[in-house]
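Step one of this worksheet: look at the structure below.
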Amino acid sequence: MTSRKKAGKGLSEEETDRVVEAQGNNDSTWGQPVRAVRATPASLHIPAELAARAAFLARLHKEESLEGRLTRIIKERVELEEVAFTEAKRELSLKGGA
């Protein structure tokens, strides 16, 4: 195995390539394969009036499709709530430690 150039630093890309190429055919250097499962799209039922309002706003914002618009809105909202949740957890842990 190659040695590191500087203590505390990771291997360079070239060094990593050399290590992987040297160990590539040796099955004992590899762990169990990782299986990835593709998520299937979910169906979502929304009231007709809400769908009509969303379609109007999608056209207003020149979105290519209502599905794309809704996906983007949901993604943004989930990200906002994840940030808020992380902040709330951090604040609680700071209060608990004080």
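The values are calculated or read from the model by the stated rules, or taken from the named source; none is laboratory data. Given the structure is predicted, the values throughout are model-derived calculations rather than measurements. Reconstructed Cβ throughout: ideal geometry from the backbone, glycine too, with neighbour counts over all protein chains shown.
Observations
- Neighbours by Cβ (under 8 Å, 6+ apart or cross-chain): first from the stretch 71-83, on the phi > 0 side of the Ramachandran plot and outside any helix (DSSP H, G or I); second at pLDDT 95 or above and surrounded by 10 or more Cβ atoms within 10 Å (Cβ to Cβ): none
- Condition met for L70 (at pLDDT 95 or above and surrounded by 10 or more Cβ atoms within 10 Å (Cβ to Cβ)): no
- Residue match in the stretch 58-65 (condition: surrounded by 10 or more Cβ atoms within 10 Å (Cβ to Cβ), in a loop (DSSP other than H, G, I, E, B), modelled with pLDDT of 85 or more and among the small types (G, A, S)): yes
- Only listed residue being surrounded by 11 or more Cβ atoms within 10 Å (Cβ to Cβ), assigned to a helix (DSSP H, G or I) and either free of Cβ contacts under 8 Å to residues at least 12 places away in the same chain or within 22 Å of the chain's Cα centre (by Cα) (or both), chosen from R90, R53: R53
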